[in-house]
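What follows is a short report on a single structure.
The values are calculated or read from the model by the stated rules, or taken from the named source; none is laboratory data. Note that the structure is predicted; figures quoted are calculated from it, not measured. Heads up, the Cβs are rebuilt from the backbone with ideal geometry, glycines too, and the neighbour counts pull from every protein chain shown. Remember, those area values only see protein heavy atoms, side chains included, never the ligands or the DNA or RNA. Shrake-Rupley method; radii C 1.70, N 1.55, O 1.52, S 1.80 Å.
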Amino acid sequence: MEKTQKWKSQFITVAIGQAISMLGSHGVQFALIWWLAEKTSSPFMLGISGLVAYLPMSLFSPLAGIAADRYNRKFISIFSDMAMGMVALIYAIILFFFDLPVWTVFIMLCVRGIGSTFQQPAIQSIIPQLVPKDQLIKTNGWIQLLNSGSFLIGPVIGAALYSIFPISIVLLSDVVGAILASIALAIVKIPKIAKTQREEQHFVAEIKEGLQVFREDRKLFYIVVAEALCMFFYAPLSSFYPLMTSDYFQLSAMYGSAVELSFAIGMMISSLLFSSILKIERKIRASFIGLFGMGVISLLCGIIPPTYIGWFFFAASCICLGASGNVHTIPLTAYIQATVEPQKMGRAFSVLTLISSVSMPIGLLFSSPIAEKVGVNVWFFISGFCMITLTALVLIRYAVKYGRQRT
């Protein structure tokens, strides 16, 4: 009983610290977007800001995975968080005294992107060091619930602070979040992983060894292939939600914010279910179901009529999209944490980060001109159809090989 209480208290400390950090990050990110929009009124500049935020993930994900496996994960996470907070603090001080050109924010966004890239696989790899394997689904559900809450509340806090204070003061909330998250992680004792000879290998060899995880575990290979194929179509949709509301349904920004709220509510509901009553034994199959559901709902969004009542169906669909995303992500994360060797786990998670960071810009380059020609609702339909087809093809292949296995 004492052992159970110990891992729970340690996990809760880490999870709450990370949630506070993300709360500050989401608030600052929202405020920066509005600040940039007010300063430039340029979609191109906003697009560049997204690119510089995602590009570090594409470039540094393999190195971040290796670092998480080779070095102290606790140190990496604290250092990354504090580095992002320090950059925000320096930028806030300079911005308070000088009128900086808007392009300087790209430097901060880039550094934050690098810090986040190194922090994510480190934190994801720390969780199974604290939590028993049979509790990973529940704990990942709690983490996603806290993440969803931060995603939901962060922009509200950011908007409130931005309406009262200059952007230089708003940036300090990110500093506070980083400090509190670092303190929470610092006081938790993380069990050490026994070092092996593999940690002395060359970086290139370690990258290959990390990819070998997916070659050896064919079940994991199939779901990651399905995710990579689907994310090419799904990732750009997040940028098209405002256009669905403003252009397709001809409604105001208030309705657009309600769509974002709906998506976050879906994430929170599903996270709460995973953290409480849902018990998933066949994690890979559940992840496939989530991916398939994302395709089905995206397709349905594309055929909703452009009426006022239709918008409510769209908002409800966004709740289901948020929930389906967690049905895909939470079991997949728990499966990796339960099956992959601790010495390779950072690299395994860095592959997932790489997939998401690459699929967004490439998918946008491909989808934007098509959506502009045929309509954003048609792209939702096309994306859903392609996701359903691709997931079904991979799932059929998976079922033929592993249909009777409990995975």
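In table form, for the structure just shown:
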| item | result |
| --- | --- |
| Tabulated pairs, region 22-47, first within 16 Å of residue 106 (Cβ to Cβ) and modelled with pLDDT under 70, second part of a helix (DSSP H, G or I) and basic (Lys, Arg), C-beta under 9 angstrom, 6+ apart or interchain | 45/39 |
| Failed item in (1) more than 14 Å from the chain's Cα centre (by Cα); (2) under 30 Å from residue 262 (Cα atoms); (3) buried (at least 19 other Cβ atoms within 10 Å of the Cβ); (4) of a type outside the set (Gly, Ala, Ser), with residue 373 passing the rest | (3) |
| Near pairs, Cβ below 7 angstrom, 6+ apart or cross-chain, from region 150-169 (closer than 11 Å to residue 30 by Cα) to any residue that is β-branched (Val, Ile, Thr) and in a helix (DSSP H, G or I) | 158/28; 158/170; 161/170; 162/170 |
| Any hit, region 339-349, residues being more than 22 Å from residue 247 (Cα to Cα) and over 22 Å from the mean Cα position of the chain (by Cα) | yes |
| Selection status of residue 90, at pLDDT 80 or above and open to solvent by less than 20 Å² (accessible area, probe 1.4 Å) | no |
| Exclusive hit being aromatic (Phe, Trp, Tyr), closer than 27 Å to residue 187 by Cβ and surrounded by fewer than 17 Cβ atoms within 10 Å (Cβ to Cβ), set 75, 165, 98, 151 | 75 |
| Meets criteria (in a helix (DSSP H, G or I), among the aromatic types (Phe, Trp, Tyr) and free of Cβ contacts under 8 Å to residues at least 60 places away in the same chain) for residue 75 | yes |
| Residue in region 291-308 that is surrounded by 15 or more Cβ atoms within 10 Å (Cβ to Cβ), out of contact with any helix residue (DSSP H, G or I) (no Cβ under 7 Å at 6 or more places or on another chain) and modelled with pLDDT of 85 or more present | no |
| Residue 267 vs. criteria at pLDDT below 85 and open to solvent by 20 Å² or more (accessible area, probe 1.4 Å) | no |
| Region 330-366 - residue that is of a type in the set (Gly, Ala, Ser) and at pLDDT 80 or above and, of those, least open to solvent (accessible area, probe 1.4 Å) | 334 |
